[in-house]
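Please treat every number below as a calculation from the coordinates, not as lab data. Please read all numbers here as calculations on a predicted model, not as lab measurements. In this analysis, Cβ positions are derived from the backbone assuming ideal geometry, glycine residues included, and neighbour counts consider all displayed protein chains.
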Amino acid sequence: MERASDAMQKIVRDALSRTPPGHAPLLAWSLACGSAVAERTRVLDFVGGVLRVEVPDFGWRTELQALAPQYLAIINRYTGSRVKGIRFVVRPADTSRVLQQ
């Protein structure tokens, strides 16, 4: 089973290495955090070694900040880019909903 995991990681690394410079960390986010978190977050950009990720609220930001070291390790394992940090940005409130009520 371990060999299958190693082979899968190699396939992912090879695929991400073919992306334009700076794009691999954006694509690796969903691999690092998993589908449930990926569905509730949105990668904004990767600038200066920092991956910025939009989160739904302050609670999510707090939870994900605690997991950031694990996410960094996974992203850096899969990408050739050295991600130095992840910055979680709280999604702006949807003021159009408030105005309609």
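The table for this structure:
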read-out	value
Dipole axis of the chain (+1 Lys, Arg; -1 Asp, Glu on Cβ), positive-most option in VAL37, LEU72, THR19	THR19
Relative contact order %, segment 1-92, counting alpha carbon pairs below 8 Å whose residues are six or more apart	33
Gyration tensor (alpha-carbon) shape descriptor, the chain, a/c threshold 1.5	prolate
About the Cα centre, charge dipole magnitude for segment 1-47 (Lys/Arg +1, Asp/Glu -1 at Cβ), debye	60
Degrees separating the helix 58-78 axis from the principal Cα axis of the chain, which is the longest one	20
Cα centre as origin, Lys/Arg/Asp/Glu Cβ charges: the chain dipole, Debye	240
Difference of contour (0.36 nm per residue) and Cα-Cα distance, ALA73 to PHE58	3.1 nm
Crossing angle, helix 24-33 versus the chain [Cα axis fit, 0-90 degrees, rounded to tens]	80
Within the chain, helix-based [θ] at 222 nm, where runs of 4 or more DSSP H residues each add -39,500 (n - 2.57), nearest 500	-18000 deg cm²/dmol
Between 0 and 90°, nearest 10: helix 2-17 axis offset from the chain longest Cα axis	70
